[in-house]
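Below is one structure, written out as structure tokens, with a few remarks after it.
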Amino acid sequence: MKFRKALIVLVVIALVIGAMPVLAQDDEPITLRVMHWTDTMTDESEWWSSIVEGFEAEHPNVTIETNFIPFAQYLPSLEAMIAGEELPDVFFGHVKVAELGRAGAIVNYSEVMDEEFINQFFPGPLRQFTFDGNVYALPWTAQMFGIFVNGAIMEELGLEPPETWDELIEMAPTIQDAGYIPLSWGNAAMNVCPDFVLPLITQYGGDVYALDDLSDPEVSWDSEPVVNALDLLQRLAEANVFVEGINGVSEEQGAQIAYSGRAAMFYAGSWYPGGLFAQQAPQEWLDNYYVIKNPALTPDGIHWSGDGSGEGWVVKADSPNTEMALEFARYLYGDAYQLHIEATQNMPSMPAGTGFLENEIVQEMTGWLETDGANHILFGQGSWDAVSNVCAGILDSSVEPAEGAAKIQADVEAARAR
């Protein structure tokens, strides 16, 4: 009997000793590499630092290493990391979300987050990162495009904001004759024109999500909604609604044209009123601007405009840090989210975040998410480059609409055949 008791004690001791490395592992130092392109989320940012310090206080063995990469360099940097198999732990997935998700390189949130957590987001921003029914990124912010109107110029000219695209074309000569640009924006980086034209495809009855996926044989870029959208873009360009030489005008220059009082209207996203306007625009412009929805095709039509989210957090899969990275992701959408929205006044990706908004323009645009939101970001292989190139060609009159639609289809097919 004594021998059996001694044996049991030895077994228990062995089990305890065997468990010790596992328990110690929980306390081993962990560095979570976090990467994004948002310049207000750096170590110098008080609100972001508060978020980081809050998580580190809850997890004393964890250090958050924030890596900010400017947007222009972000995608090339991410592509190099993908090629080198050196992905960070938590990062903005950019247009690589579908590719990385389908390859199993990033976590499928649908498998690790419960339904209540997933359903807390606005449908449009969440749909942006959902592929084959799987959610591969969580929207950090939402976005919506609109027309920012210089009220003083419109009042000077006796004009009401356009409800339809035809009305915008009709009022363009009056605005031009007074020495103003009807609608300012820039396309030098070839990124704004897709934002502009993709929702037009939705206005004409097309399904941009299906076009981007291009898995349905009944769906093709070489189709009537795409041709019609490109035709409308051409008509607007030929009516001199936009800035002259728009493909050589940067997004920043397009904004400066508006701020300087040289444009009646400015096309941009919801992140401008939340922060950039206050940082860049003179008080005179701030005192006179207001926002309207994108014009529709008809007076009673839906004002489809780009919604969704560009900033989407993904988590590297099958890493020693994956579980802690998921814990950080959950933390970001808890109490930390209030700090984020209050500080930035960005459009929240969750209805719960609207209570932290003070900017009335962002509040108004947030209300459009569920009524007028349309896809404007492409994730399919070859899609973004194909649309960007044709968009620029329409703007500089080197491509015709039907030709452009056919070229997008051909370019996407070629990219996916490589």
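Annotations for the structure displayed:
- Consider region 370-399 and keep the residues that are surrounded by fewer than 16 Cβ atoms within 10 Å (Cβ to Cβ) and over 23 Å from Ala189 (Cβ atoms). The one that is modelled with the lowest pLDDT is Glu370.
- From Asn247, Asn240, residue being assigned to a helix (DSSP H, G or I), open to solvent by 20 Å² or more (accessible area, probe 1.4 Å) and not hydrophobic (A, V, I, L, M, F, W, C): Asn247
- Scanning region 216-237 for residues that are part of a helix (DSSP H, G or I) and among the β-branched types (Val, Ile, Thr), we see that the one that is most open to solvent (accessible area, probe 1.4 Å) is Val227.
- Count - residues of region 206-215 that are farther than 22 Å from Tyr267 by Cβ, modelled with pLDDT of 95 or more and part of a loop (DSSP other than H, G, I, E, B): 1
- Looking only at region 255-271, and only at residues there that are in contact (Cβ under 8 Å) with a residue 40 or more places away in the chain and open to solvent by 10 Å² or more (accessible area, probe 1.4 Å), the one that is nearest to Asn359 (Cα to Cα): Trp271
- Of all residues in region 68-90, those that are free of Cβ contacts under 8 Å to residues at least 40 places away in the same chain and within 18 Å of Ser45 (Cβ to Cβ) have Cβ atoms under 8 Å from Cβ atoms of residues that are open to solvent by less than 70 Å² (accessible area, probe 1.4 Å) and part of a helix (DSSP H, G or I), 6 or more apart or on another chain, in Ile69/Ser77; Tyr74/His94.
- Taking the numbered list (1) open to solvent by less than 40 Å² (accessible area, probe 1.4 Å); (2) of a type in the set (A, V, I, L, M); (3) in contact (Cβ under 8 Å) with a residue 24 or more places away in the chain in turn, Leu357 passes all entries but (3).
- Subset of region 46-76 [among the hydroxyl-bearing types (Ser, Thr, Tyr) and loosely packed, with under 15 Cβ neighbours inside 10 Å]: Ser50, Thr63
- Any hit, region 108-118, residues being open to solvent by less than 10 Å² (accessible area, probe 1.4 Å) and closer than 27 Å to Leu233 by Cβ: no
- Candidates are the residues of region 126-172 that are assigned to a loop (DSSP other than H, G, I, E, B) and among the acidic types (Asp, Glu); the one that is modelled with the lowest pLDDT is Asp132.
The values are calculated or read from the model by the stated rules, or taken from the named source; none is laboratory data. In this text, all values refer to a predicted model and were calculated from it rather than measured experimentally. Neighbour counts run over all protein chains shown; Cβ positions are idealised from the backbone, glycine included. Surface areas here come from the heavy atoms of the whole protein model, side chains and all, with no ligands, DNA or RNA. Shrake-Rupley method; radii C 1.70, N 1.55, O 1.52, S 1.80 Å.
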